[in-house]
Each structure stands twice: as structure tokens, then as C-alpha cells.
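J.: Can you read through this structure? Questions will come right after.
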Amino acid sequence: MTELKINADRLWSSLMEMAKIGATPKGGVCRLALTDLDKQGRDLFVQWCTEAGCTVKVDAMGNIFARRPGRNNNLAPVGTGSHLDSQPTGGRFDGVYGVLAGLEVIRTLNDLGIETERPVEASVWTNEEGSRFAPAMVASGVYAGVFTLDYGLSRADVDGKTMGEELARIGYAGTEPVGGRPVHAFFETHIEQGPILEAEGQTIGVVTDAQGQRWYELVLTGQESHAGPTPMPVRRDALLGAARVIQLVNEIGLAHAPVAVSTVGMINSYPNSRNVIPGKVFLTVDFRCPDNAELSKMDEELKVGVARIAAAAKLEFDLKQIFQYDCVHFDESCVQMVREGAQALGYTARNIVSGAGHDACYMSKVTPTAMIFVPCIGGISHNEIEDAKPEWIAAGGNVLLRAMLAKANELPEVFKSNETVAVA
Ligand code: GLV
Ligand code: MN
Ligand code: MN
């Protein structure tokens, strides 16, 4: 079956076409969730899927499902997909690769005239990045039953606009129920977003696990006062407290290295005026680790450390954990399909743990799931310079095609013994 390959040039040119929507001067993409640019990206995807003969449905979280029928359309489909939203200074591949690789599988099946037993579906998940609306992967989380629909739709951006309002505004508040339907298996193709595969000269990352995450929001409150007359000993400087918390977060990550990582990625200081002692600071904390017990220790160290820092700086504080998921172990049979696909195609491959969060992490709660990683240049992602070699992009698509075909041709026992039995 070595001749079974996607059209790599078509996948690459579709990626470059999509990258024009929200293109940044440094060669990256800014296509924040549920903005007009996100709508443009979605519209293009829907147009391409419709042209490829798919039926397109949108659910109430704005997740898009493009279905290519199979021989038995009562059977649960095999899904693949990722996200079209980006970070503010994002790249051309994070998310969009997994979406368009799915479309390319469908286009290739069309070209080759292959009819699968089960339908196959390429999907777009709303607001994976968690940049405009926290938390990340919220719409696949609703799909998987981790969050309620009300919770998902009520997530608000910094201006107070909710996901529900923004979905309606851009015309993607769909009518399909979110989740609750069978999916036979799910695959997500993604760039690694780290340096391991490229450094080791491996083309395919067979993703066995994803590390757990905890996200926090912290508000430190002191007192605004004049930068000139206020003596140092009486100040209640919230930004000074924040600086110490940033140091603490870094120390916690280092103390649990090499497996754990810790980040303060967002900070807002009020009133943010050069001659006012800051009275309030909002900041975010992101902890990740492939070991849930270590994450719990980090959580405890954060709580104790923030309380100590706030007391010493005479600040009030409100520390909230806003998001958590435990480490994910992907489905052995789906992982094996990825491994076998890479082997059959002669690609170098290694097992790998995902450092990033992905919609596949939530999908793994409701269906057998696996991920396919390909390298990215210098391991850089969440950056406009994010890049990948066309041959890596092609390789991941080829492995996806094989893994999806294998799963899409799996029949339930009842079908094998009696083809006339209907499956609800
Ligand atoms: C998503 O990009 C994440 O891992 O934060
Ligand atoms: Mn992503
Ligand atoms: Mn991302």
C-alpha cells in the first residue's frame, strides 16, 4: 500500500492560502477565536469541504464537522481535526495543520475513489487556544461533557464579550447538539511545538500521552498612591507583589524540572500609569507536568507561596484555579495505527508526550484517540516564525490517511457475521 499518499502540494498550498487570513508582517498569523478573521477562515474551510462533497454541520459551540459518507452511514464516523484559531502572535501551522490534513485525507479519498465502511469527518474546534477566551479547548471540553454548554457559551473576553454572543455575531452558533453522539475513533495531526523530533532527526512523533495542566488567575490588591510623596515602607505595591509571584512560579517550575514547566504569560497592572504605585494586578499562571502528583505539589507550593508574598507586601489576594486536566493516556489501538502507518511509509518515528494541550485530549474522554506529531523548525511555536518543512507536513498527512483508513474500515462484529443487520 506504499502508493497510498495524500496530495502533499495541495495540502501545503491550502495551508498557505489559509495563512493569508490574519497574516502578520513577520510571516505569522493572528486569527483570534470568533473574530471576523476566524469567521473568514471557517468560511473558507466550509467552502473547501462542500466542494469536496462533504455535508457540513455546526454545533451550538461553533464546532464544525464536515462528513464524507461511507458505505454504512449508520455507523459511527472516524473523526480528525484541530483548530483554526491562533495566538495573537501565532504561526501558520498550530491547529490549522490538523484541520487541513483532515480535509486533505477527504480530498485524497475522493481522488482515489476509495469508499470507506464508516463515514469520515474533518472537524474544527472552537477556541482551542484559550487566548481570547479562557480556558483552552473549551469547545471540545463541552463536546466531551467536561464543561456544560452554558459554561462554554458564557466564557468572556477582556471586553466582556461572551463566546455565545460572538458565535451568533459571526454566524457560527450552530443548531447541532454538542457531543452525545458516537465517534468510532479520533486522530489529531499537529506540529510538535517543541524541539525533540527535529533534534533527533525523527519525522513522526507517535503521541502516547499528553501532560496535565493547571491554569490559575491571581488578583493582587494593594493601594494606588502617588509615586513621589509615598515613602517606601508604607507602600502597598501590587506590581511588586506580582514580580515576586512571577519569581515564585519560575522557582516552582525549576524545582520540579525536568518534567514540569511553569509560566506567567499574562499580566495587567492598574492603573498602569508611570507615576502611580500600582494598586491592582491581574496575572495568569500555567503549570504543566506529565505527573499528576507533581502537579498537586506545585499547586500547594503556589498557594502557600502567594499567601506568604501577599502578607509580606501588605496585599490582599484572590487566587483561583480556573482550569485543570489530568495527564492523558491515548488509546493503545489508535496509537498503534499511527506507529504502523509511520513504519509502512518508512518514516523515522519515536514515542512522544505532548507538552501542549490539544482538542484530542478531551476527545480521548469520549472515543479512542491518538495524535500524530511532526517536527517544527527549532521547536518554535506560539510565535510568528513557527515553521515546518513541506516533507514533514506531507508525512504527517500520509500517516493520518492510513490511520483513518484503518479505523474507517473497522466493522462491528454484527456486521461481519450478518451484513443485513442494521446498526442504530
Ligand atoms: C494550547 O495551545 C496550549 O497548549 O496552551
Ligand atoms: Mn494547537
Ligand atoms: Mn496553540
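The values are calculated or read from the model by the stated rules, or taken from the named source; none is laboratory data. Model, not experiment: these values are computed from the prediction. Heads up, the Cβs are rebuilt from the backbone with ideal geometry, glycines too, and the neighbour counts pull from every protein chain shown. SASA here: full protein model, heavy atoms, side chains in, ligands and nucleic acids out. Shrake-Rupley method; radii C 1.70, N 1.55, O 1.52, S 1.80 Å.
J.: Where residues in region 17-39 are over 15 Å from His83 (Cβ atoms) and not acidic (Asp, Glu), which of them is least open to solvent (accessible area, probe 1.4 Å)?
T.: My answer is Gly28.
J.: Output the qualifying pairs, or none if there are none: Cβ atoms under 6 angstrom, residues six or more apart or on different chains, first residue in region 240-251 and of a type in the set (Val, Ile, Thr), second residue not in a helix (DSSP H, G or I).
T.: Qualifying pairs under 6 Å: Ile246/Val264; Val249/Ser262; Val249/Val264; Val249/Val285.
J.: Run Asp359 past the list (1) touching a strand residue (DSSP E or B) at 6+ places or on another chain (Cβ under 8 Å); (2) acidic (Asp, Glu); (3) away from ligand 3 (no atom under 16 Å from the Cβ) and report the number of the one that doesn't hold.
T.: Here Asp359 clears every test but (3).
J.: What number goes with the only condition from (1) buried (at least 17 other Cβ atoms within 10 Å of the Cβ); (2) of a type in the set (A, V, I, L, M); (3) outside any loop (DSSP other than H, G, I, E, B); (4) within 16 Å of ligand 1 (Cβ to nearest atom) that Ile322 does not pass?
T.: All conditions are met except number (1).
J.: Quick check on this structure: which one of Ala122, Ala168 is among the aliphatic types (A, V, I, L, M), free of Cβ contacts under 8 Å to residues at least 24 places away in the same chain and not in a loop (DSSP other than H, G, I, E, B)?
T.: Answer to the check: Ala168.
J.: Would you check if Asp286 is more than 16 Å from ligand 2 (Cβ to nearest atom) and touching a residue at least 12 places away in the same chain (Cβ under 8 Å)?
T.: The answer is no for Asp286.
Table: residues versus (1) over 15 Å from the mean Cα position of the chain (by Cα); (2) more than 16 Å from ligand 2 (Cβ to nearest atom); (3) part of a strand (DSSP E or B); (4) not polar (S, T, N, Q).
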site	(1), (2), (3), (4)
Leu44	yes, yes, no, yes
Asn72	yes, yes, no, no
Leu100	no, no, no, yes
Val105	yes, yes, no, yes
Ile114	yes, yes, no, yes
Glu128	no, no, no, yes
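J.: Okay, next question. For region 81-99, does any single residue satisfy the condition of being open to solvent by 10 Å² or more (accessible area, probe 1.4 Å), at positive phi and not β-branched (Val, Ile, Thr)?
T.: no
J.: A further question on this structure: For region 368-392, which residues satisfy the criterion of being open to solvent by 10 Å² or more (accessible area, probe 1.4 Å), more than 16 Å from ligand 1 (Cβ to nearest atom), part of a loop (DSSP other than H, G, I, E, B) and in contact (Cβ under 8 Å) with a residue 24 or more places away in the chain?
T.: Pro368, Ile385, Asp387
J.: A follow-up question, please. Restricting to region 46-70, what's the tally of residues that are under 23 Å from the mean Cα position of the chain (by Cα) and on the phi > 0 side of the Ramachandran plot?
T.: Looking only at that region, the number is 1.
J.: Same structure, new question: For region 177-187, state whether one or more residues are assigned to a loop (DSSP other than H, G, I, E, B) and either within 30 Å of Lys280 (Cβ to Cβ) or of a type in the set (Gly, Ala, Ser) (or both).
T.: Looking through region 177-187, at least one residue is assigned to a loop (DSSP other than H, G, I, E, B) and either within 30 Å of Lys280 (Cβ to Cβ) or of a type in the set (Gly, Ala, Ser) (or both).
J.: For region 148-165: of the residues being modelled with pLDDT of 95 or more and part of a loop (DSSP other than H, G, I, E, B), which is least open to solvent (accessible area, probe 1.4 Å)?
T.: If we take residues in region 148-165 being modelled with pLDDT of 95 or more and part of a loop (DSSP other than H, G, I, E, B), then Asp157 is least open to solvent (accessible area, probe 1.4 Å).
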